[in-house]
Amino acid sequence: MTLQQLSLFLENRPGRLGAPLETIANAGINILTLSLADTAQFGILRLIVREWDRAKQLLEDAGWVVNLTEVVAVGVDDRPGGLAAVLAALEGAELNIEYMYAFTLRRGDKAILVFRFEDPVRAIQVMKERGLHPVDAEELFNLTT
Amino acid sequence: MLKELWNDAEGGFHPAGAADFLPESALRQVQLTRLRAVVSRAYDHVALFRQRMDERGLTPSAIQSLDDIRQLPFTVKTDLRDTYPFGLFASPLGEVVRLHASSGTTGKPIVVAYTREDIAVWSEVMARTFACCGMHRGDILQNAFGYGLFTGGLGAHYGAEELGATVVPVSGGNTDRQIMLIRDFAVSALCCTPSYFTHLIERAGELGVDLRALPLRIGIFGAEPWTDGMRDHIEAAAGIRAYDIYGLSEIIGPGVASECAVQEGLHLFEDHFYPEIIDPETGEVLPDGAEGELVLTTLSKKAMPMIRYRTRDITSLITEPCDCGRTLRRMRRIGRRSDDMFIIRGVNVYPSQVEAALLAVEGTLPHYQIILTRDQGLDQMAVEVEVTPEVFSDKVRALEDVRARLAKAIEHILGIRVILRLVEPRTIARSEGKAKRVIDRRHEGT
């Protein structure tokens, strides 16, 4: 039910973001979504791609340190209050959200929220109990193509 | 034990090794005889030595015992620069068959010379070095020390041939080819700098070559200080025993001292090189076991004798007998050079201290570099550390935590603030010779 997210270490200086993206673009791998966390000194690029194992290998061969993390994606209605409703549903479950990011789908009226939980398995269980709809990799990539 | 160490594939015994096991009294007698001869030679043929001894009212006959060496003046690196290129030679050029020179990063290089006899002695001490590290006839040695003006390449080459090993004279660099040869030739021993071997391990991993599965069993590393942590990493990652060897061009090149199977200190080939430990500040000779600067006198060099040469390397002598049976005294591994030391905000810092801190936090030693800058008159020390898969996390908090722990560990040891920067893998230049750990930009354009 979880999604595989690739994370890369980048130095926070001009031009560093382009190189890894080019590496996977050259291999014909499309990025579904990404997020960039940055501090004054370094950044962490997080990527969701369908062929994560191939992308990971390519990036590692090109010299990046790549980390593989399980994240949870949830579909919500793309309207005001969509995210708030999800957060409200999770409230009180004592799920620790490390970080999250969101993107909308090209078609339809859905948005996808990507969560990094401390404990993704329990998070999925809680979400289902509370009527939320976590999407797995197959479902997610079907929605986007 | 003796037989075991010197057995070659056919059970033979290398004659040069006998000197490793001389009874102490015989060894001291050899040293005294040779010391008197070399002091006479230096006095008779080298103007600088004669002048310095005359100034102190000394003649070679002042040397009646080994302790009399303490009356003699020291020789320092600048003496070699000041007499560049041939001013310290004690042999006419007609007898000199080889010259080597240091890389000369600051001003003129230093030049060293060898007669045919010197080359024979050098070959002998390097053969003894390799034997000390467990090599014998039948071994295939890949010699990845640089061939050329640097003494490492040719010194190791002649020594390994003297021992009867098969030498692959690949020299430094071209790491992919090095790895191919190790595999294709079933190389059993390899010598290079420890930092280059670390790079080779990394590259072998990228190429999918498991060094542990290959016949390589002995690594002989020298020309720069390295830590026990690096040894553990190298031994585990390559499936070899890693030995530290010591030498310097001014004395002969590699072949001054070597670890044995016990790996607790390096046996000094003291029948050729007489060691003393002094207080680097006062020049006073320190008692056995005390830590100080190593001073060496060449006992048998012809072309370029060195009298009480100050090596700038900090160590101590171990006089207790070694389990390997060699009677040669040992010196502790060189952790630091008084040359490598830099002073920042009044604090003396050795790169090895930074290394120890990084090792303590990460478990293995990451690639790192120290950069010194001056900002409005204030010295800054930055340490750049490459991110490894072991410490990388997708969480900012976790990475900030690694960075803070590294900085704190260094600050705890040094007592000064450092700027710690995590950098991308492979952004710090890899060395094919000696690793450059410190970049001092304090005098650039300010």
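The values are calculated or read from the model by the stated rules, or taken from the named source; none is laboratory data. All figures in this text were calculated on a predicted structure; none of them were measured in a lab. With ideal geometry, Cβ positions are generated from the backbone for all residues, glycine too; neighbour counts draw on all protein chains shown. The protein model used for the area step is the full one, side chains on, heavy atoms only, and it has no ligands, DNA or RNA in it. Shrake-Rupley method; radii C 1.70, N 1.55, O 1.52, S 1.80 Å.
Per-structure values
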| item | result |
| --- | --- |
| Cβ-Cβ under 7 Å pairs, at least 6 apart or on other chains, region A:126-140 side over 17 Å from A:ILE97 (Cβ atoms), far side part of a loop (DSSP other than H, G, I, E, B) and open to solvent by 10 Å² or more (accessible area, probe 1.4 Å) | A:ASP136/A:MET1 |
| Odd one out for B:GLY377, checked against (1) touching a residue at least 24 places away in the same chain (Cβ under 8 Å); (2) surrounded by fewer than 19 Cβ atoms within 10 Å (Cβ to Cβ) | (1) |
| Test: residue in region B:340-350 that is in contact with a strand residue (DSSP E or B) (Cβ under 8 Å, 6 or more places away or on another chain), open to solvent by less than 20 Å² (accessible area, probe 1.4 Å) and charged (D, E, K, R) | no |
| Tally of residues being crowded, with 17+ Cβ neighbours inside 10 Å, not in a loop (DSSP other than H, G, I, E, B) and not acidic (Asp, Glu) across region B:235-291 | 23 |
| Test: residue in region B:414-428 that is away from chain A (no Cβ under 11 Å), in a loop (DSSP other than H, G, I, E, B), open to solvent by 30 Å² or more (accessible area, probe 1.4 Å) and closer than 19 Å to B:PHE342 by Cβ | yes |
| Matching residues, region A:71-81, being in contact (Cβ under 8 Å) with a residue 12 or more places away in the chain and of a type outside the set (A, V, I, L, M, F, W, C) | A:GLY75, A:ASP77, A:ASP78, A:ARG79 |
| Residues of region B:209-251 classified as on the phi > 0 side of the Ramachandran plot and over 12 Å from the mean Cα position of the chain (by Cα), total | 1 |
| Matching option when the condition is assigned by TED's automatic domain parsing to the domain that holds A:ALA137 and open to solvent by 30 Å² or more (accessible area, probe 1.4 Å), among A:ARG50, A:ARG54, A:ARG106 | A:ARG106 |
| Whichever residue in region A:53-82 is in contact with a Lys or Arg (Cβ under 6 Å, 6 or more places away or on another chain) and modelled with pLDDT of 90 or more and, among such residues, is farthest from A:LEU3 (Cα to Cα) | A:VAL66 |
| Residue identified as open to solvent by less than 50 Å² (accessible area, probe 1.4 Å) and either closer than 16 Å to B:VAL423 by Cβ or of a type in the set (S, T, N, Q) (or both) among B:LEU372, B:LEU328, B:LEU399, B:LEU359 | B:LEU399 |
| Residue ID - nearest to the other protein chains (Cβ to nearest Cβ), chosen from residues in region B:386-408 that are under 18 Å from B:LEU359 (Cα atoms) and of a type in the set (Val, Ile, Thr) | B:VAL387 |
| Lone unmet requirement of (1) in a loop (DSSP other than H, G, I, E, B); (2) at pLDDT 90 or above; (3) surrounded by fewer than 13 Cβ atoms within 10 Å (Cβ to Cβ) for A:PRO14 | (2) |
| Given (1) within 30 Å of B:ARG56 (Cβ to Cβ); (2) free of Cβ contacts under 8 Å to residues at least 40 places away in the same chain; (3) in contact with a strand residue (DSSP E or B) (Cβ under 8 Å, 6 or more places away or on another chain); (4) in the same structural domain as B:LEU294 (by TED's automatic domain parsing), index of the condition B:ALA113 fails | (2) |
| Test result for A:GLU94, open to solvent by 20 Å² or more (accessible area, probe 1.4 Å), closer than 26 Å to B:PRO389 by Cα, free of Cβ contacts under 8 Å to residues at least 60 places away in the same chain and more than 10 Å from every other protein chain (Cβ to nearest Cβ) | no |
| Every pair of residues 6+ apart whose Cβ atoms lie under 9 Å, when the first sits in region A:57-70 and is within 24 Å of A:ASP119 (Cβ to Cβ) and more than 7 Å from chain B (Cβ to nearest Cβ) while the second is of a type in the set (A, V, I, L, M, F, W, C) and part of a loop (DSSP other than H, G, I, E, B) | A:VAL66/B:PHE392 |
| Residues being surrounded by 14 or more Cβ atoms within 10 Å (Cβ to Cβ) and within 19 Å of A:ARG116 (Cα to Cα) - total across region A:71-84 | 8 |
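One line per residue, one yes/no per condition, for (1) assigned by TED's automatic domain parsing to the domain that holds B:GLU224; (2) in contact with a strand residue (DSSP E or B) (Cβ under 8 Å, 6 or more places away or on another chain); (3) in a loop (DSSP other than H, G, I, E, B); (4) within 23 Å of B:THR198 (Cβ to Cβ):
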position	(1), (2), (3), (4)
B:GLU320	yes, no, yes, no
B:ARG326	yes, yes, yes, no
B:THR364	no, no, yes, yes
B:GLN369	no, yes, no, yes
B:VAL391	no, no, yes, yes
B:ALA398	no, no, no, no
B:VAL402	no, yes, no, yes
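Here's the yes/no breakdown for (1) at pLDDT below 95; (2) within 14 Å of another protein chain (Cβ to nearest Cβ); (3) over 27 Å from B:GLU281 (Cβ atoms):
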site	(1), (2), (3)
B:ILE307	no, no, no
B:GLY325	yes, no, yes
B:GLY335	yes, no, no
B:LEU359	yes, no, yes
B:HIS367	yes, yes, yes
B:GLY377	yes, no, yes
B:VAL383	no, yes, yes
